[in-house]
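Report on one structure; see the data block that follows.
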Amino acid sequence: MGADEAASLDTRDRKERGFTPELLRGHWAAEAAAVGLEGPDQVLALVRGRDAAHPGLGRDEVFAHLLDAEEGMCARDSRFNEAHVVAAIAALGAGRLDVARIEELAGDFLSSEHVVRLVEVDLSATRRRPPEWSTARHRALEDRVLGHLTTLTTAASVQLPDDAVASAIDGEPRLGSDQAEAVRALCGPGPALHSLISPAGFGKTTAVHAGAVAAANGVARCWAWPPRTRRCASCAPSASRR
C-alpha cells in the first residue's frame, strides 16, 4: 500500500496552492456564464423543471410490459387486481409518469381486450376481495391445459411391464413401502391421468421420478404400444396455487 501511495504522488501534478475560494468562485462563475447558466435559480429550474413524461413510454410500451411472459402481470401468478397493475406501471415508469397518467394507463389496461375479469365463486363475507383479472392469453392457456386434462381423465392406459416397474423401484433405495406402492399404482392400469397427493417431504417427487423411469424403460421395449397409451409422469407439487 505504501508503494502504491508513493507512486501515485510521484505521477500526479502537485496541487496549486494559489487557488483561493474567491478565485475558484470567480472561475466557476465564468465557466457557467460561458454555457448560459446565469445563477443558482436558473440551474435549479433547469433540473426540476424537466418534463416528467418520457416520449418513449407510451401506451403500447406499457401494455407490452404488462403482457410480457417473463415480467408481466401473469409471470408469477395467474390473477391480479388493480393495485398490482398500478404498482407495475409505476415501477416501469421509474418516476417518469405522474399519478394521473399511471391511473389512466391502469384503467385502460383493465378495460382492454388483453385481460379477462374473473368471477369470484366464493361470495362469503370472509373471502371478500377486490376485483381480479387475468390476461386473455393466460386464460386461453388454462383452458387448453384443462382440455388436455379432461381428455386424459377419459383415456385408458396400459399397465407397464412388471420388470420395468420393479427395476425402477429398485433404482430408488430411498423409497418406502408406501411410496413403492404408489409407483405401482402410477404404472398400473387405469386412466391416463393419475394424481399423487401427500404433504411436503413425503417422497412424491422421488416416486414420480421412479414412475417416469419405469415408463421410459417400459415404452422403449414395447414399440408396438399405440402412442396414446404412453404415460407422461409430471410434477408432484406440495401445495396448490391458483
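The values are calculated or read from the model by the stated rules, or taken from the named source; none is laboratory data. Computed from a predicted structure; not experimentally measured. No Cβ is skipped: glycine too gets one built from the backbone with ideal geometry, and neighbour counts run over all protein chains shown.
Just a few scattered comments:
- Among the residues making up region 167-178, those that are surrounded by 14 or more Cβ atoms within 10 Å (Cβ to Cβ) and in contact with a Ser or Thr (Cβ under 7 Å, 6 or more places away or on another chain) are Glu172, Leu175.
- Taking each residue of region 20-40 that is at pLDDT 85 or above and looking for partners that are among the aliphatic types (A, V, I, L, M) and not in a helix (DSSP H, G or I) with beta-carbon atoms closer than 9 Å, six or more apart or interchain, yields Glu31/Leu37.
- In region 206-218, the residues that are in contact (Cβ under 8 Å) with a residue 40 or more places away in the chain form Cβ pairs under 9 Å with partners that are among the acidic types (Asp, Glu), at six or more places apart or across chains, as follows: Ala210/Glu172; Val213/Glu172; Asn217/Asp163; Gly218/Asp163.
- Residue count for region 76-91, restricted to those that are among the small types (Gly, Ala, Ser) and surrounded by 13 or more Cβ atoms within 10 Å (Cβ to Cβ): 4.
- Lone qualifier among Gly171, Gly203, Gly176 - being under 25 Å from Leu152 (Cα atoms) and either touching a helix residue (DSSP H, G or I) at 6+ places or on another chain (Cβ under 7 Å) or not acidic (Asp, Glu) (or both): Gly203
- Tally, over region 153-166, of residues that are buried (at least 16 other Cβ atoms within 10 Å of the Cβ) and either without any contact (Cβ under 8 Å) to a residue 24 or more places away in the chain or of a type outside the set (Gly, Ala, Ser) (or both): 4
- In region 167-182, the residues that are farther than 14 Å from Val208 by Cβ form Cβ pairs under 9 Å with partners that are part of a helix (DSSP H, G or I), at six or more places apart or across chains, as follows: Ser167/Val213; Ser167/Ala214; Ser167/Asn217.
- Glu172 vs. criteria among the charged types (D, E, K, R), in a helix (DSSP H, G or I) and either at pLDDT below 85 or out of contact with any Cys (no Cβ under 7 Å at 6 or more places or on another chain) (or both): no
- Residue in region 129-136 that is assigned to a loop (DSSP other than H, G, I, E, B) and surrounded by 12 or more Cβ atoms within 10 Å (Cβ to Cβ) present: no
- Among residues of region 94-110, those that are over 29 Å from Ala140 (Cα atoms) and touching a residue at least 24 places away in the same chain (Cβ under 8 Å), counted: 5
- Some residue of region 118-132 being at pLDDT below 95, of a type outside the set (Lys, Arg) and touching a Ser or Thr at 6+ places or on another chain (Cβ under 9 Å): yes
- Only one of the numbered conditions (1) surrounded by 12 or more Cβ atoms within 10 Å (Cβ to Cβ); (2) farther than 20 Å from Trp133 by Cβ is violated by Arg25, and that is (1).
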